[in-house]
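The values are calculated or read from the model by the stated rules, or taken from the named source; none is laboratory data. Note that the structure is predicted; figures quoted are calculated from it, not measured. Positions of Cβ are backbone-derived with ideal geometry, glycine not excepted, and every protein chain shown enters the neighbour counts. With ligands, DNA and RNA removed, areas are computed over all heavy atoms of the protein, side chains included. Shrake-Rupley method; radii C 1.70, N 1.55, O 1.52, S 1.80 Å.
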Amino acid sequence: RSRLTVIGLAWRGPTGHVVVQFDMSKVEGEAHMRVQATLRRLAEHGTVVLQNAAADLPILEYSLGIPREVWTFHDTMLAHAVLWSELPHRLAYLRSLYGVLDMPKQTEGMRVNIFTYNMGDVVETLEVWHALEQEGHRAGDSFSFYSHSLLPLVIPLTHTEERGLLVNRGAVVVLLDTYIEKVEAARDAARAYVGYPLNLGSNEQLVRVLTEVDRLKLRRGKHTKSLSVGKDAIAALREKITPVPDTDLEAEEGLTQEDALLRIEAGAHPLLEMRVVYAGALQTVGHYLLPLVEGVEAGGNAEDTFRVARERVRVGGVHCVRPGVHPNVSLHAQAWLRWSTTNPPMATLPADLEQLYGPDEGYVWFGWDWSGQEDWLQAAESHDIPTLEALRQGDDLHGLKAMQLFGLTEKPAKKDPKRHFAKRYRHRMKYGGSVAGLTTMPGVKELGLTFNDLQRIQQRDAV
């Protein structure tokens, strides 16, 4: 946990801003109690404006003993995420839009007066809020969604983060072995194809074999302008070779060694298939398994790092595995205003890794679903029979919604901009969104939609 060094308070006085600062590194004993009592009264009788309340309130509770539930607050980061979801939400960016102070930029090696820095932050946070509040009143339904749906989630989600999930330590040991074997199997299959040792993780080696030996035409990276064997480039190559892969299904379930070998027998390119298997296994270990091993940091050669982790838990046993994990929950990260769970990214947890986590002692899980749960709950509570039936049949709700909104005769592909729009539209309209609130939603400009277009889309939705 972080401890507070400086606490800054700002408000608008009759002649300008008033700023009060406490140097908490020097506040002890009775003085600390007076500061605590002052802030407690402020929490109980006033409304404070914070930039990222989910980070600030737990630290205030830890440092001053003021429960986070006591505070009445607004959150500039969260408000801006609702009003302008496609833009950055950090304070430096918000200051550039709404700020009033001419603060010098911090340069590398420059010593910054922490009190000056803090003064600028608290004053600018206040000014940002005043600007967002005015924009919010004009936005109507969007700002209501911020006030009544998202803001109340801040406190319970911070408790959820702190509680975390219990890790099945024995499963980590087994899964490290399993995934290292997947990496080695993919590497061995690639070696068998080219006839000599090949590092599947080496872009340089892979480019050379694919272009000089197999004569495949690679596209160049958007920024580097060099030949690319990144995820999108590999996917583009695979889609040109029969049998064409189901990339949407692979994105959800991954590509197993067994399925890759079946595809190779049917004519797929061995090196491309093994690269997908290899990269998927390494990504899974890096995202979900390596962070659970104490004292092992990612870096250098990924394969070597994972082998070190596996050997460590083999020698030290389950005591080398973390007992729990505390995923970060962000309410401002996604353009369609749903929260995002990361470190680890639980929404994309592979099915074979579900055994990693379990209920706390004395509790029972009757089931779980890290994706799609919201649709089931809302459809059940509202007695939405057509949606429940579509969910039972495994239909793509976003695709179906795109057909309705745009008058399509077939469901669009998963990467189609119309489907992306429909997905964001569905999530926004669940909470009483309006046409005016859709104008700034990502995807509107990409599709060239005008206000009148959005009105017609909403009219189709109402049918």
Checklist outcome for this item: For region 196-212, pairs from a residue that is under 15 Å from Val276 (Cβ atoms) to a residue that is at pLDDT below 90 and of a type in the set (Asp, Glu), with Cβ under 8 Å and 6 or more apart or across chains, are Gly201/Glu303
Checklist entry - Of the numbered conditions (1) open to solvent by less than 60 Å² (accessible area, probe 1.4 Å); (2) over 30 Å from His420 (Cβ atoms), Gly286 satisfies every one except a single condition; which is it? => result (2)
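Somewhere in region 36-44, is a residue farther than 30 Å from Arg424 by Cβ, open to solvent by less than 80 Å² (accessible area, probe 1.4 Å) and touching a strand residue (DSSP E or B) at 6+ places or on another chain (Cβ under 6 Å)? Reasoning before the result, please.
Taking region 36-44 as the starting set, the residues that turn out to be farther than 30 Å from Arg424 by Cβ are 36-44.
Restricting the remaining residues to those that are open to solvent by less than 80 Å² (accessible area, probe 1.4 Å) gives 36-39, 42-43.
From what is left, the residues that are touching a strand residue (DSSP E or B) at 6+ places or on another chain (Cβ under 6 Å) are none.
Looking through region 36-44, none of the residues is farther than 30 Å from Arg424 by Cβ, open to solvent by less than 80 Å² (accessible area, probe 1.4 Å) and touching a strand residue (DSSP E or B) at 6+ places or on another chain (Cβ under 6 Å).
Looking at the structure I just gave you, is Ala186 assigned to a helix (DSSP H, G or I), touching a residue at least 24 places away in the same chain (Cβ under 8 Å), touching a Phe, Trp or Tyr at 6+ places or on another chain (Cβ under 7 Å) and of a type in the set (A, V, I, L, M, F, W, C)?
Values: assigned to a helix (DSSP H, G or I): yes; touching a residue at least 24 places away in the same chain (Cβ under 8 Å): yes; touching a Phe, Trp or Tyr at 6+ places or on another chain (Cβ under 7 Å): yes; of a type in the set (A, V, I, L, M, F, W, C): yes.
Judged against the criteria, Ala186 is a match.
Take Thr107 and tell me if it is within 29 Å of Thr284 (Cα to Cα) and either modelled with pLDDT under 90 or hydroxyl-bearing (Ser, Thr, Tyr) (or both).
Numbers: within 29 Å of Thr284 (Cα to Cα): no; either modelled with pLDDT under 90 or hydroxyl-bearing (Ser, Thr, Tyr) (or both): yes.
Criteria not met by Thr107.
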Item to check | Hits in region 294-317 - residues which are open to solvent by less than 90 Å² (accessible area, probe 1.4 Å), in a loop (DSSP other than H, G, I, E, B) and not small (Gly, Ala, Ser) | outcome: Glu294, Val296, Asn301
Checklist entry - Any residue in region 56-79 that is small (Gly, Ala, Ser), modelled with pLDDT of 90 or more, more than 25 Å from the chain's Cα centre (by Cα) and assigned to a helix (DSSP H, G or I)? => result no
Checklist entry - Are any residues in region 342-367 at pLDDT 85 or above, part of a helix (DSSP H, G or I) and either more than 22 Å from Leu289 (Cα to Cα) or open to solvent by 50 Å² or more (accessible area, probe 1.4 Å) (or both), and if so, which ones? => result Asp352, Glu354, Gln355
Next on the checklist: Taking the conditions exactly as written (surrounded by fewer than 17 Cβ atoms within 10 Å (Cβ to Cβ), modelled with pLDDT under 90, in contact with a Ser or Thr (Cβ under 8 Å, 6 or more places away or on another chain) and under 30 Å from Met33 (Cβ atoms)), does Ile114 satisfy them or not?
Outcome noted: yes
Checklist entry - Here is a list of conditions, (1) touching a residue at least 40 places away in the same chain (Cβ under 8 Å); (2) among the β-branched types (Val, Ile, Thr); (3) part of a helix (DSSP H, G or I), and Val229 meets all of them except one; can you say which number that is? => result (3)
Checklist outcome for this item: How many residues of region 142-162 are closer than 19 Å to Thr341 by Cβ, open to solvent by less than 30 Å² (accessible area, probe 1.4 Å) and of a type in the set (Ser, Thr, Tyr)? The answer is 1
Checklist entry - Mind checking which pairs have a first residue in region 288-307 that is free of Cβ contacts under 8 Å to residues at least 40 places away in the same chain and a second that is charged (D, E, K, R), Cβ under 9 Å, 6 or more apart or different chains? => result Leu290/Glu297; Glu294/Arg312; Glu294/Arg322; Gly295/Arg312; Val296/Arg312; Thr305/Glu297
